[in-house]
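None of the figures in this text is laboratory data; all of them are computed from the coordinates on show. It should be emphasised that the depicted structure is a prediction, and the values quoted were computed from it without experimental measurement. Here the Cβ positions follow ideal geometry from the backbone for every residue, glycine too, while neighbour counts run over all protein chains shown.
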Amino acid sequence: QVQLVESGGGLVQPGSSLRLSCAASGSSVSRYDTAWFRQAPGKEREFVATVRRSGTGGRIYYVDSVRGRFTISRHNAKNTATLQMNKQKPEDASVYYCAGCSTMVLSSIRMPRKYAYWGQGAQGTLSS
């Protein structure tokens, strides 16, 4: 059974940094597309970043609004995925979710319903 557990939530301070981690159990993260989504109050769940599974090349993709500020990493030895959030902006305040899918295709990476496994959510609370 695959389970994802998130940690590292905290304050979103404009200009500062925050790091979220997603620990996986039950399988190896390298065999899954591992992604981060976020959902703010009153908004749809938004794709943030993903690292593709190793079998498809392990490419990384970001939503335009975070490119250059956020970094997604997969740490196979620790079976974790990390989202490093730098140069934060007020609009980054959200609940962040990690997600996994073993059969993802590139055209669907932004679609939450295509991911089979989800973390419980980590809160990034705005502090301006």
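Scanning the range 85-106 for residues that are among the hydroxyl-bearing types (Ser, Thr, Tyr) and within 24 Å of residue 27 (Cβ to Cβ), which turns out surrounded by the fewest Cβ atoms within 10 Å (Cβ to Cβ)?
Ranking the qualifying residues of the range 85-106, first place goes to 103.
Determine whether residue 110 is in a strand (DSSP E or B), on the phi < 0 side of the Ramachandran plot and basic (Lys, Arg). Walk me through how you get there before you give the answer.
On the way: in a strand (DSSP E or B): no; on the phi < 0 side of the Ramachandran plot: yes; basic (Lys, Arg): yes.
Criteria not met by residue 110.
Cβ-Cβ below 6 Å, separation at least six or inter-chain, first residue in the range 23-40 and loosely packed, with under 15 Cβ neighbours inside 10 Å, second among the polar types (S, T, N, Q) and part of a strand (DSSP E or B): which pairs?
Once the first residue is loosely packed, with under 15 Cβ neighbours inside 10 Å and sits in the range 23-40, its partners that are among the polar types (S, T, N, Q) and part of a strand (DSSP E or B) give 25/3; 26/3.
Looking at (1) farther than 18 Å from residue 97 by Cβ; (2) within 17 Å of the chain's Cα centre (by Cα), can you tell me which one residue 8 breaks?
(1)
Only residues in the range 114-126 that are in contact (Cβ under 8 Å) with a residue 40 or more places away in the chain and within 17 Å of residue 81 (Cα to Cα) count as the first member; pair them with residues that are in a loop (DSSP other than H, G, I, E, B) and β-branched (Val, Ile, Thr), Cβ under 6 angstrom, at least 6 apart or cross-chain, and list the lot.
117/2
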